[in-house]
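> Before we start, here is the structure in question, set down as structure tokens.
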């Protein structure tokens, strides 16, 4: 029991040090480099496609401005009216890379519970969970209880962060850990050094 308490204590200390360490870094917010946005409706597959082609299959996506086709994607959907909606989308090819994203192989998974809209009450798709895995841009996940609460986690080459938004406008980062820093003051190897004692203690506890 004492060993367990020690390990848990080290975990709290390590997380605290890592978060404090990140707070002193001078890198720009990690979210600024995330191309998909994190606001409501931002964490979803970008662009528009013609739904008249069917529910599932390969679709050509545009940016909606009348410009060139953007990318192609395979889309699968499952829908139970007013209760459940699931959409899986995988990018097959990029036809116009001027936007810089998405990259080939990017996967979007969106799950909505009670997917109905009551705009007068600010309620649209009450419970939404979205995961984006882009081989170039990184990984993002978001859970929303509209309009009261949104939690967004990002893991990119620049670092990782967790951002909370609470109605009516409160927004803050639970943590932000840059992997690179122009001043050289913070990088992934430094973060690894912070957690090394924790890993050693956990290994000893399991022995």
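> Does residue 137 satisfy being surrounded by 19 or more Cβ atoms within 10 Å (Cβ to Cβ) and over 26 Å from residue 30 (Cα atoms)?
no
> Could you pull out the residue among 97, 63, 76 that is without any contact (Cβ under 8 Å) to a residue 12 or more places away in the chain and either more than 21 Å from residue 139 (Cα to Cα) or surrounded by fewer than 14 Cβ atoms within 10 Å (Cβ to Cβ) (or both)?
97
> Inside segment 39-85, can you point out the residues that are in a loop (DSSP other than H, G, I, E, B), under 20 Å from the mean Cα position of the chain (by Cα) and modelled with pLDDT of 85 or more?
Across segment 39-85, the qualifying residues are 43, 44, 45, 46, 47.
The values are calculated or read from the model by the stated rules, or taken from the named source; none is laboratory data. Model, not experiment: these values are computed from the prediction. No Cβ is skipped: glycine too gets one built from the backbone with ideal geometry, and neighbour counts run over all protein chains shown.
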